[in-house]
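What follows is a single structure, written as structure tokens, with notes after it.
The values are calculated or read from the model by the stated rules, or taken from the named source; none is laboratory data. Note that this is a predicted model, so its numbers are computed, not measured. Backbone-built Cβ (ideal geometry, glycine too); neighbour counts: all protein chains shown.
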């Protein structure tokens, strides 16, 4: 079991202009220089087809406040149905990519396609972050993101989810200090 798994709420746009939005709990940071994100789709679903066609997507972080709407977008809607409309979500234009952003998402990262890797029946999509949007409410008085304000949601498996409310800190040890003991 690999848990908890963060949720990449990925928006794309189809060739006909239909906005697509779907959650993917197989996701991670794949690199930092350049900043690269990865999500995996089980099978070639609308999200992957749209990314192939347009070369971009937006990776949103899901917080508890929008969890129910995120869950609606997991429905197996036909390609010509916008999950934004299905879930009653407002979309807004992105700054650097064609795919729209979710209004109200605490974090949105606009990405351009780096590559798609076939892993058996799955498709791992890697994208380079070209624009980052962070909700003002997440910043503290020192202008730093306060993780306590995010309340991000992760998938545990099946219909079970968790939040980042229960956190703790661990200081990373220094090898030489460990040897001295």
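Assorted remarks:
- Looking across the range 132-144, the residues that are exposed (fewer than 14 other Cβ atoms within 10 Å of the Cβ) and closer than 23 Å to residue 37 by Cα come down to 132, 136, 139, 144.
- If the condition is being touching a residue at least 60 places away in the same chain (Cβ under 8 Å) and in a strand (DSSP E or B), then the range 32-46 contributes 35, 36, 37, 38, 39, 40, 41, 42.
- Within the range 136-154, residues that are touching a residue at least 60 places away in the same chain (Cβ under 8 Å) and at positive phi have Cβ atoms under 9 Å from residues that are in a loop (DSSP other than H, G, I, E, B) and surrounded by 11 or more Cβ atoms within 10 Å (Cβ to Cβ) in these pairs: 151/106; 151/164, counting only partners at least 6 apart in sequence or on another chain.
- Search result, residues across the range 88-127 that are closer than 19 Å to residue 71 by Cβ and in a loop (DSSP other than H, G, I, E, B): 88, 89, 90, 103, 104, 105, 106
- Residue count for the range 1-10 satisfying the condition of being in contact with a strand residue (DSSP E or B) (Cβ under 6 Å, 6 or more places away or on another chain) and either under 15 Å from residue 44 (Cα atoms) or not in a strand (DSSP E or B) (or both): 4.
- Residue ID - surrounded by the fewest Cβ atoms within 10 Å (Cβ to Cβ), chosen from residues in the range 155-165 that are out of contact with any strand residue (DSSP E or B) (no Cβ under 6 Å at 6 or more places or on another chain) and at negative phi: 159
- Test: residue in the range 47-62 that is on the phi < 0 side of the Ramachandran plot, surrounded by 17 or more Cβ atoms within 10 Å (Cβ to Cβ), assigned to a loop (DSSP other than H, G, I, E, B) and touching a residue at least 60 places away in the same chain (Cβ under 8 Å): yes
Matching residues to (1) touching a helix residue (DSSP H, G or I) at 6+ places or on another chain (Cβ under 6 Å); (2) at pLDDT 95 or above; (3) closer than 14 Å to residue 107 by Cβ:
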{"residue": "18", "(1), (2), (3)": "no, yes, no"}
{"residue": "24", "(1), (2), (3)": "no, yes, no"}
{"residue": "27", "(1), (2), (3)": "no, yes, yes"}
{"residue": "44", "(1), (2), (3)": "no, no, no"}
{"residue": "51", "(1), (2), (3)": "no, yes, no"}
{"residue": "54", "(1), (2), (3)": "no, yes, no"}
